[in-house]
Amino acid sequence: MRLEQFGGLQVRLTGGSDGRGGGDGPVVVLLHGFGAPGDDLVSIWPALNAPRGTRFLFPEGPLSLHMGFGESRAWWMLDLERRNRDLAAGRVRDLSREIPNGLAEARARMLALLDEAERRLGADPKQLVLGGFSQGAMLACDLVLRTDRPFAGLAILSGTLIAKEEWVPLMPKRQGLLVLQSHGSQDPLLPLFLAEQLRDLLAQAGLAVEWVGFRGVHEIPDLVLRRLGAFIRKVLAR
């Protein structure tokens, strides 16, 4: 693994021809969730059994948090007091009509990262899979819907529907895009029914959504890792 700066973000590169992101193979970019360390998802790449030579990029969110238990990063800030009040009261957190403050800035940073990766790594955008977990999944989905960049596939792991009024009209332009979406039936942070709503809206717009439901909470279990690996192999073989 090696550390680089792409688009002003710190990125961990691995895989490829040398285990450090070398070579000219396809690229998988995975974005961590809110409050995770920058290297949170790095450990999963060997379990994905991606095609030989696939390079993995793990960007680090631009915001540093002080949450009292080591390094924590984020793509945009959350109202943690509101979230904790809702959780304590058992209220469902419906974010579907919210456009988070900081989303546009995070999207711009990721676009700059992808542009620089294309220049420096020779990364073919048609051979690039973009995905993420939780907040990272929301950002990945937002970026795909709001841009015209080609992608091989989109992976939404325990994400949710946000910016509904803006996202829904944009979905048809991505007709035919292959999407993997996973969610736990007992997720206490992002309710299952909103993930299902996102799934249905994407499918109705013509995106090819592969749904992976599991009995679990806000996590990436082995089942999802296996399905994500199979998805990456499938989309990169097209």
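Listed values, structure above:
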quantity: Elements of type helices (runs of 4 or more DSSP H) contained in the stretch 95-209, each with 1 or more residues being more than 28 Å from residue 12 (Cα to Cα), out of contact with any strand residue (DSSP E or B) (no Cβ under 9 Å at 6 or more places or on another chain) and among the hydrophobic types (A, V, I, L, M, F, W, C); calculated: 164-170, 192-204
quantity: Filter result (not in a helix (DSSP H, G or I) and not small (Gly, Ala, Ser)) within the stretch 210-238; calculated: 210, 211, 212, 214, 215, 217, 218, 219, 220, 221, 238
quantity: Flag for residue 140 being at pLDDT 95 or above, surrounded by fewer than 21 Cβ atoms within 10 Å (Cβ to Cβ) and either hydrophobic (A, V, I, L, M, F, W, C) or within 15 Å of the chain's Cα centre (by Cα) (or both); calculated: no
quantity: Residue tally, condition polar (S, T, N, Q) and under 20 Å from residue 31 (Cβ atoms), over the stretch 199-238; calculated: 0
quantity: Cβ pairs under 7 Å, 6+ apart, first in the stretch 70-95 and closer than 19 Å to residue 187 by Cα, second surrounded by fewer than 16 Cβ atoms within 10 Å (Cβ to Cβ) and at pLDDT below 70; calculated: 93/83; 93/86
quantity: Selection count where residues are over 20 Å from residue 36 (Cβ atoms) and acidic (Asp, Glu), scope the stretch 186-238; calculated: 3
quantity: Scan of the stretch 29-82 for residues that are closer than 28 Å to residue 93 by Cβ, basic (Lys, Arg) and in contact with a Gly (Cβ under 9 Å, 6 or more places away or on another chain), ordered by number; calculated: 73
quantity: Filter result for the condition that a residue is farther than 12 Å from residue 117 by Cα, aliphatic (A, V, I, L, M) and within 19 Å of the chain's Cα centre (by Cα), over 42, 11, 27; calculated: 42
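Residues checked against (1) out of contact with any Cys (no Cβ under 9 Å at 6 or more places or on another chain); (2) of a type outside the set (D, E, K, R); (3) buried (at least 17 other Cβ atoms within 10 Å of the Cβ):
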residue	(1), (2), (3)
149	yes, no, no
167	no, yes, yes
172	yes, yes, no
177	yes, yes, yes
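The values are calculated or read from the model by the stated rules, or taken from the named source; none is laboratory data. None of these values were measured; they are calculated from a predicted model. With ideal geometry, Cβ positions are generated from the backbone for all residues, glycine too; neighbour counts draw on all protein chains shown.
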